[in-house]
Amino acid sequence: MKARSVPHIFLMGKGGVGKSTVTALLSLALQSIYKRIYIISLDPAHNQADIWQSPLSQKPKKVASGVWVVQMDMEQWTDHYLKQTRQHIKAQYNYLTAFNLDKHLNVMQYAPGLHEYALMLAFEHASKTFGDADLFLFDMPPTALTMRFFNLPQLSVLWLDKLMQLRQQILQKKEVISRIQWGKKEWENDKIMNALREQKNTYQSIDGLLHDTNTSKIMLVVNPDLLSVSESVDIKNKLVQLNLSIKGVLLNKTTSTQDTAFIQDKLSDKILIHFPIAANAPIGINNLNLLANNF
């Protein structure tokens, strides 16, 4: 991943809590601390374009002083993952073309976990490509997909370990035959084993970044209502199962008269920032700056 340690903040929460708006406001609130902030929109809804009232793409767009937004095209990243996987399989298994089996690789577009792997590719691309960033703010997709994304690197490492064990057994069998026929080992330069090791190293690197508490921080966006808080408690418990934890709660859509003590009691986490209900819609740089200046 990155040689330079750049903070990665992941903003997640129940649908409708205003996660994308909070991400935008947080970027403006942190302008005085970080010189180059990149908002990476991984949410297929891509609300950042509406919030900033600016067309966005996968090319960084400067939307405010020190703030750039990148809108990841998840359909494109899904196609990229499928293409990458097809090429990899064809390169390792030459017989697919010889027996005209490569045409059946199109079935991969229906494979489970496809969107999670595409999401991970997009995340890895952003983390590697925008090397001038001082801070990453990731506007995450819906909760279920975000959870699978956080779990995917570790799960992939376990799966690759099993595949490597199986490949080693196959190579040991081949080595016996090789000694009889050619008298030499074959696994030392085995393309498939090397590819498995390379994939494992990649997933271990991503998993290490996600679990590095000095670099990666998960912020939970919550509304001051029982339904939002209840789902947030569920999110917190699921993160614990993945050996991840919430670094803070960002409370959105509050009023000056609301008692928010029950939220802190339920989540047992410090509420870092209160985002009050805005008199004007939090859309456009002027309204966003007015709101950001309040905290």
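The values are calculated or read from the model by the stated rules, or taken from the named source; none is laboratory data. Since we're looking at a predicted model, the values are computed, not measured. Please note: Cβ atoms are built from the backbone with ideal geometry, for glycine as well, and neighbour counts cover all protein chains shown. These accessible areas exclude ligands, DNA and RNA; they are computed on the full protein's heavy atoms, side chains included. Shrake-Rupley method; radii C 1.70, N 1.55, O 1.52, S 1.80 Å.
Below is a table of values for the structure above.
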{"item": "Matching residues, the stretch 122-154, being surrounded by fewer than 16 Cβ atoms within 10 Å (Cβ to Cβ) and under 15 Å from the mean Cα position of the chain (by Cα)", "result": "128, 129, 142, 144"}
{"item": "Residue that is open to solvent by less than 10 Å² (accessible area, probe 1.4 Å) and touching a strand residue (DSSP E or B) at 6+ places or on another chain (Cβ under 9 Å), where the choices are 29, 24", "result": "24"}
{"item": "Single residue of the stretch 241-263 satisfying the filter (open to solvent by 90 Å² or more (accessible area, probe 1.4 Å) and of a type outside the set (Gly, Ala, Ser)) that is nearest to the chain's Cα centre (by Cα)", "result": "243"}
{"item": "Looking only at the stretch 32-66, and only at residues there that are among the polar types (S, T, N, Q), in contact with a helix residue (DSSP H, G or I) (Cβ under 8 Å, 6 or more places away or on another chain) and assigned to a loop (DSSP other than H, G, I, E, B), the one that is surrounded by the fewest Cβ atoms within 10 Å (Cβ to Cβ)", "result": "53"}
